[in-house]
Structures are given as structure tokens and as C-alpha cells.
1. Which one is modelled with the highest pLDDT among residues in region 1-21 that are of a type in the set (Asp, Glu) and more than 28 Å from Cys82 (Cβ to Cβ)?
2. Could you list, in sequence order, the residues of region 22-63 that are over 30 Å from Leu11 (Cα atoms) and at pLDDT below 85?
3. Tally the residues that are over 23 Å from Glu5 (Cα atoms) and of a type in the set (D, E, K, R), restricting the search to region 33-82.
4. Any idea how many residues of region 69-78 are modelled with pLDDT under 90 and outside any strand (DSSP E or B)?
Amino acid sequence: MSDREKVLKGLECLITKEMPCEGCPYYGRGNCSKKIAKDARELLKEQEPVEPKAEPGLVNQILMYSCGHCGAIFLSRRQKYCDNCGRAVKWDD
């Protein structure tokens, strides 16, 4: 089960109270609602846009940029998402 699926299942359990706790992926882990909230916060933070970093090298006189999350290189300021990790790219302009 992915982290996303685990958090969604935990949230559904908290919201509906229909699922018995034994079926919840957070069952038996202490304060489950706090753990679910922390995990949900982390998933949301992972979706925040990252600022690109200008790279010193030039390729064919084009300034290169790298993803602020994974470091993948891209050449265009028009790129809205990193091709490698999928994070949104936050340009200044």
C-alpha cells in the first residue's frame, strides 16, 4: 500500500467511522489521528512547487536549470513540471 493509499484509508476511517479500527492501516499505533494528520501534511508538502536552480554550464548558449527537488536538468523556463520527479516548478516571473 502506498503512503497516499494508507493516508486516504486512514482519513476515510476517521471521517466515516464505518471501518473497524482493525482494518485501518494506523491501527495499534497510538494517537492515530495525529499520525494520519502528519502523514497527510507530508504528502501535501511533497506537492508544493520547487524553485529551479540555475546551472553554471551552458549548452548551445542556453542557460540550464535543475529541479530544486531531484536535481534533474531542464533547458526551458517554460517547463511547468519536472520530467523526472513530477514536482511543479516555481519560476519567479
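The values are calculated or read from the model by the stated rules, or taken from the named source; none is laboratory data. Because the structure is predicted, anything quoted here is derived from the model rather than measured. Neighbour counts are summed over all protein chains in view; Cβ atoms, including those assigned to glycine, are modelled from backbone coordinates with ideal geometry.
1. First, the residues of region 1-21 that are of a type in the set (Asp, Glu): 3, 5, 12, 18.
Checking the rest, the ones that are also more than 28 Å from Cys82 (Cβ to Cβ) come to 12, 18.
Values: Glu12: 87, Glu18: 64.
That would be Glu12.
2. Ala54, Glu55, Pro56, Gly57, Leu58, Val59, Asn60, Gln61, Ile62, Leu63
3. Result for region 33-82: 6.
4. Adding up the residues that qualify gives 4.
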